[in-house]
Amino acid sequence: MSHPNRRAVIGTALAFAATPALAADKRVSFKVPDGVCDSHLHVYDARFPYMPNAVLKPPLATVADYKALQKKLGITRAVVVQPSTYGTDNSCTLDAIAQLGDARGVCVVNASVSDAELKRLHAGGIRGARIQFGLGNPVSAEEVLPLSRRIAKLGWHIQCNIPPEQLVQMEGLLLSLPVPVIIDHLGRAIDTASPQYKTVRKLLDSGKGWVKVSGAYLYQGGVAPNYPGASAAARGYITAAPERCIWGSDWPHPDATKALNPVAMPDDVVLLNLTTRWAPDEKLRHKILVENAEAFYGFDPKKRPKAL
């Protein structure tokens, strides 16, 4: 086994090498407002060992690495999302929230989690529970309803990363949950005609659903810099429910390092600039980048950090 410090150095170097935004000679194409929130990022730290059977084992990507990206983009708030690599051990996510300061998090727990653990996670900045299928399935579909009843007491939400066919199958369940539901990465929609797009629209139209306009580079959404398929879905969602769309980077893009289904590593500057195509109006873009995240994750609108 390699020494942890050596692994951290190598992993950090790989993370930087794999993230073009840190090296690309490009700039954000608009004036970044105060309090922009990146609602979807992951942290991979050598101090917290990966699950031996994890499907995704991406290069390390630490808080220090992410802070460099924040400075590059000018963004100041963050939501750390528990990756499948760590299963239900949320230690790395909690540590990242503490390091980032003005941050929140989304954990992975199953229905057997204790009340004491839920309270501990809440005190550490967690505001939602993530379910995802296809990457180890630490939470089963049968657990979603009982889990949602438990976390409703804390004011949390359910966050979903689900393959399209399962998302459509679970539409009725998601609409019935007693908590808000937010869908990752455009619901994997790459147009406005697919069943998964229609399911996300039903959630948005119900008034309880939210969607992350993130991951445009995933699921054959098109090529940079426009990602036309994913952009069509994003614009559709924003037109339908601008008050319930939230932006996220998906840094450090773990699916782009997945050997079984590699995609081109995106440029984070390009991904942020996409929001000007999805929401050309400055006030609308402000809602998606700042205000909606404040409402959903509980950030104080009176304490917006100055853009970096």
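The values are calculated or read from the model by the stated rules, or taken from the named source; none is laboratory data. Just so we're clear, the structure is a prediction, and the values are computed from it rather than from any experiment. Reconstructed Cβ throughout: ideal geometry from the backbone, glycine too, with neighbour counts over all protein chains shown.
Can you find a residue in region 201-221 that is closer than 21 Å to Ser84 by Cβ, in contact with a Gly (Cβ under 8 Å, 6 or more places away or on another chain) and part of a helix (DSSP H, G or I)?
So far as region 201-221 goes, no, none of its residues is closer than 21 Å to Ser84 by Cβ, in contact with a Gly (Cβ under 8 Å, 6 or more places away or on another chain) and part of a helix (DSSP H, G or I).
Take the residues of region 216-264 that are in contact with a helix residue (DSSP H, G or I) (Cβ under 9 Å, 6 or more places away or on another chain) and of a type in the set (Ser, Thr, Tyr): which is farthest from Asn292 (Cα to Cα)?
Of everything passing the filter in region 216-264, Thr257 is farthest from Asn292 (Cα to Cα).
Any residue at all in region 165-184 that is at pLDDT 95 or above, within 21 Å of Cys37 (Cβ to Cβ) and of a type outside the set (A, V, I, L, M)?
Yes.
Being farther than 10 Å from Val28 by Cα and of a type in the set (D, E, K, R) is the filter here, so list the residues in region 264-280 that pass it.
Once the filter is applied, which keeps residues that are farther than 10 Å from Val28 by Cα and of a type in the set (D, E, K, R), region 264-280 yields Asp267, Arg277.
Identify, from the list Lys71, Lys119, Lys67, the residue that is in contact with a Leu (Cβ under 6 Å, 6 or more places away or on another chain), farther than 22 Å from Asp184 by Cα, modelled with pLDDT of 95 or more and not hydroxyl-bearing (Ser, Thr, Tyr). First the steps, then the outcome.
On the way: Lys119 fails: in contact with a Leu (Cβ under 6 Å, 6 or more places away or on another chain); Lys67 fails: in contact with a Leu (Cβ under 6 Å, 6 or more places away or on another chain).
Result: Lys71 is the single residue among Lys71, Lys119, Lys67 that is in contact with a Leu (Cβ under 6 Å, 6 or more places away or on another chain), farther than 22 Å from Asp184 by Cα, modelled with pLDDT of 95 or more and not hydroxyl-bearing (Ser, Thr, Tyr).
Of the residues Arg27, Arg77, Arg7, which single one is modelled with pLDDT under 50 and charged (D, E, K, R)? Full working, then the answer.
Numbers: Arg27 fails: modelled with pLDDT under 50; Arg77 fails: modelled with pLDDT under 50.
Exactly one of Arg27, Arg77, Arg7 is modelled with pLDDT under 50 and charged (D, E, K, R), namely Arg7.
Tally up the residues in region 80-100 that are over 21 Å from Pro52 (Cβ atoms) and touching a Gly at 6+ places or on another chain (Cβ under 8 Å), please.
Within region 80-100, residues that are over 21 Å from Pro52 (Cβ atoms) and touching a Gly at 6+ places or on another chain (Cβ under 8 Å) number 6.
Select, from Ser249, Ser206, the only residue that is under 21 Å from Lys57 (Cα atoms), at pLDDT 95 or above and of a type outside the set (Lys, Arg).
Values: Ser206 fails: under 21 Å from Lys57 (Cα atoms).
Testing whether each residue is under 21 Å from Lys57 (Cα atoms), at pLDDT 95 or above and of a type outside the set (Lys, Arg) leaves just Ser249.
Take region 42-67 and flag every residue that is hydroxyl-bearing (Ser, Thr, Tyr) and in a loop (DSSP other than H, G, I, E, B).
Just the residues of region 42-67 that are hydroxyl-bearing (Ser, Thr, Tyr), to begin with: 44, 50, 62, 66.
Those that are hydroxyl-bearing (Ser, Thr, Tyr) and in a loop (DSSP other than H, G, I, E, B): Tyr50, Thr62.
Only one of Ala141, Ala152 is among the small types (Gly, Ala, Ser), closer than 28 Å to Glu117 by Cβ and modelled with pLDDT under 95. Can you tell me which?
Values: Ala152 fails: modelled with pLDDT under 95.
After ruling out the rest, the residue left standing is Ala141.
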